[in-house]
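The values are calculated or read from the model by the stated rules, or taken from the named source; none is laboratory data. All of these numbers come straight from a predicted model, not from anything done at the bench. Positions of Cβ are generated from backbone atoms using ideal geometry, with glycine treated the same way; all protein chains shown enter the neighbour counts.
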Amino acid sequence: MRTLWLAFLYRILMRPALAILGIRIANKAQLPKKGPFVVVSNHNSHLDTMALMASMPLRQIARCHPVAAAQYFGKNQFLARLSTLFVNTILIKRQDENPDQKALEVLDAYLRKGHCLLLFPEGSRGIPEQLQAFRSGVAVLLQQHPDIPFVPVYMKGMGKILPKGKKTLVPHEAFVQFGKAHYIHSNDISQILDEVKNAILALQDELVP
Amino acid sequence: MRFEHLTAIHQMLLVILGVLVFASCLFWIMGRIQPGPQVTELQTRTRSWWMMATVFVTAALVHPLITFIAFGFLSFVAFRELSRISKNARPEDRGVLFWAYLAIPVQYTFAYFAWFDAFLMFIPVVMFAWIPFVLVLKGHTQDIARSMSVIPTHLMLTVFSISHLAYLLSLPELKGLEVGGRGLLLYVVFLTEMNDVFQFTWGKLLGRHKIIEKVSPNKTWEGFLGGLISTIIAAFLLRFLTPFSAFESVMAGLLIAGTGFVGDVIVSAIKRDFGLKDTGTAIKGHGGILDRIDSLAISAPFFFYFVYFLHYAS
């Protein structure tokens, strides 16, 4: 049921809408066919989550969860319900420094069940086209699951369509570039973080225009 | 059934089909004799032509409303492409672009209901004032003059000019011309695109003397003149789509070839300014949408007023 609902929402409604806004998604066929995997992307706009959800393989879509800040999307029960219903999110407490132990346990449990996580390690949307420092939560998760691949995604121009703090959508050409699934090599948190970051930045050069 | 017994539209469809089949066969044979990246590129381009021709013919012939929506969408995509490649847009211009996009359905509505005066003045008068005014209201004057000139120019190139193609369908019926505006639409689009192909082909075959090397290194006098003569011949042969006399059709060919060239080099120069070869990757082998309609951006309004003053203005 949930698969049908999300498939309708993201395949039938969201994909054409994103295309009209000018968002082009490349190489999404490189996504693993089966979970668990972790998608990591840079973050400039609410549309980032929409574009990622619209690219997930159909059979997996109900098992793909964008991870979002509870402070923002879970201000009250109603909002929290809505974001789960429409975006399939997992809400966690956003920490500025050390990752929240309880949040990590929740995400860990999802990965063990074979679900996929969509993570924005920058934490918030920030200034358009500028990469902010990565939070370490993603590295902790990958360190615990070295057998789970991560898929880097680089997005460009999304902040021009719907920037932080704006309510109107203005069409603009934007690009979403999926990379190959990677496995981490290192066991050290800061080195894992660098691996993830470099994998995302490497996609910058693959962007066609 | 003989060719002369078909309606003008069907004759034109056969011509388009013939050109595409000819090109496909030619490049297939060339690929067999002498394979190479150049032939492969020509084959990719031809395949894209098949697709574009199908979309265009469907949009032009199914129902007038579909034609207007399709051309409105074409303007939209071209404007979107142009505003991405213009790197000097400021973040503050976002709100203004919103108004610019809104202008597209308004302009095409005027065209659909044949409100000629509103159609004519909306972008050059109303939007020309409204866009700078909204920019002023934002209050940032740094580099504002550039945005004031760039955004209305983009609207003129992609919306005002292309909407003239759609307006051809809103022209009143002429006595003795059964095809009506659709014939004119097929005529100007086919000839403008063929002129690009002719210029490209003659340039490859004979090109020696560059016209404006710094802007467009592939443009040669041989290509331009070869294209001009070929287009004039095609314009003369296809005059059954138009109310033109033989002399008028020759002039129309001259006009389309000349203004098509002007549009082509204007967009080339814009691309040069932003350091690009093609405006995008939307059409395989052709670059972006803009690379395909750059010539039309100038030839469409010129052709429109040419036929308008000769046959429609009383």
Looking only at the range A:154-201, and only at residues there that are over 15 Å from residue A:134 (Cβ atoms) and part of a helix (DSSP H, G or I), the one that is nearest to the other protein chains (Cβ to nearest Cβ): A:160
Any residue in the range A:55-67 that is under 15 Å from residue A:14 (Cα atoms) sitting within a Cβ distance under 6 Å of a residue that is part of a strand (DSSP E or B)? List the pairs, counting only those 6 or more apart or interchain. A:55/A:25; A:56/A:64
Every listed condition ((1) away from chain B (no Cβ under 14 Å); (2) within 30 Å of residue B:91 (Cα to Cα); (3) assigned to a loop (DSSP other than H, G, I, E, B)) holds for residue A:129 save (1)
Out of curiosity, is residue B:72 under 26 Å from residue B:184 (Cα atoms) and touching a residue at least 60 places away in the same chain (Cβ under 8 Å)? yes
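Yes or no, residue by residue, for (1) touching a residue at least 12 places away in the same chain (Cβ under 8 Å); (2) over 15 Å from the mean Cα position of the chain (by Cα); (3) more than 24 Å from residue A:143 (Cα to Cα):
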residue: A:2; (1), (2), (3): yes, yes, yes
residue: A:13; (1), (2), (3): no, yes, yes
residue: A:17; (1), (2), (3): no, yes, yes
residue: A:21; (1), (2), (3): yes, yes, yes
residue: A:39; (1), (2), (3): yes, no, no
residue: A:50; (1), (2), (3): yes, no, yes
residue: A:71; (1), (2), (3): yes, yes, yes
Among the numbered criteria (1) within 14 Å of another protein chain (Cβ to nearest Cβ); (2) in contact (Cβ under 8 Å) with a residue 60 or more places away in the chain, which single criterion is violated by residue B:164? (1)
Kindly indicate which of A:62, A:68 is at pLDDT below 90, farther than 27 Å from residue B:288 by Cα and in a strand (DSSP E or B). A:68
So is residue B:53 within 19 Å of residue B:296 (Cβ to Cβ), without any contact (Cβ under 8 Å) to a residue 60 or more places away in the chain, in contact with a helix residue (DSSP H, G or I) (Cβ under 7 Å, 6 or more places away or on another chain) and among the hydrophobic types (A, V, I, L, M, F, W, C) or not? yes
Among the residues of the range A:149-184, which ones are small (Gly, Ala, Ser) and either crowded, with 21+ Cβ neighbours inside 10 Å or touching a residue at least 40 places away in the same chain (Cβ under 8 Å) (or both)? A:157, A:159, A:174, A:179, A:181
Looking across the range B:123-160 at residues that are buried (at least 18 other Cβ atoms within 10 Å of the Cβ) and in contact with an Asp or Glu (Cβ under 8 Å, 6 or more places away or on another chain), the single one that is modelled with the lowest pLDDT is B:147
Subset of the range B:225-273, residues of a type outside the set (Phe, Trp, Tyr), in contact (Cβ under 8 Å) with a residue 60 or more places away in the chain and not in a helix (DSSP H, G or I), comes to B:238, B:242, B:243
Is the range B:282-289 home to any residue that is part of a helix (DSSP H, G or I) and either away from chain A (no Cβ under 14 Å) or at pLDDT 95 or above (or both)? no
Residue B:101 being closer than 21 Å to residue B:69 by Cβ and either of a type in the set (A, V, I, L, M) or within 9 Å of chain A (Cβ to nearest Cβ) (or both): yes
Of the conditions (1) within 14 Å of chain A (Cβ to nearest Cβ); (2) of a type in the set (A, V, I, L, M, F, W, C); (3) surrounded by 13 or more Cβ atoms within 10 Å (Cβ to Cβ), the single one that residue B:15 does not satisfy is (1)
Please state which one of A:12, A:20, A:92 is aliphatic (A, V, I, L, M) and in contact with a helix residue (DSSP H, G or I) (Cβ under 6 Å, 6 or more places away or on another chain). A:92
Considering only the range A:73-99, state which residues are part of a loop (DSSP other than H, G, I, E, B) and either closer than 26 Å to residue A:154 by Cα or under 18 Å from the mean Cα position of the chain (by Cα) (or both). A:74, A:88, A:89, A:93, A:94, A:95, A:96, A:97, A:98, A:99
Quick test for you: out of B:78, B:70, B:111, B:103, pick the one residue that is within 20 Å of the chain's Cα centre (by Cα) and over 22 Å from residue B:125 (Cα atoms). B:70
Checking residue A:50 against (1) farther than 28 Å from residue B:288 by Cβ; (2) not in a loop (DSSP other than H, G, I, E, B), only one condition comes out false. Which one? (1)
Could you check the range B:68-79 and list, in sequence order, the residues that are surrounded by fewer than 23 Cβ atoms within 10 Å (Cβ to Cβ) and at the interface with another protein chain (Cβ under 10 Å from one of its Cβ atoms)? B:73, B:76, B:77
Considering only the range A:126-148, I want to know if a residue exists there that is within 20 Å of residue A:55 (Cβ to Cβ) and surrounded by fewer than 21 Cβ atoms within 10 Å (Cβ to Cβ). no
Within the range A:4-53, can you find the residues that are over 28 Å from residue A:144 (Cβ atoms) and basic (Lys, Arg)? A:11, A:15, A:24
Can you name the residue in the range B:80-122 that is within 25 Å of residue B:271 (Cα to Cα) and of a type in the set (S, T, N, Q) and is also surrounded by the fewest Cβ atoms within 10 Å (Cβ to Cβ) among such residues? B:88
Those helices (runs of 4 or more DSSP H) lying entirely in the range B:120-210 with at least 2 residues within 25 Å of residue B:221 (Cα to Cα): B:181-206
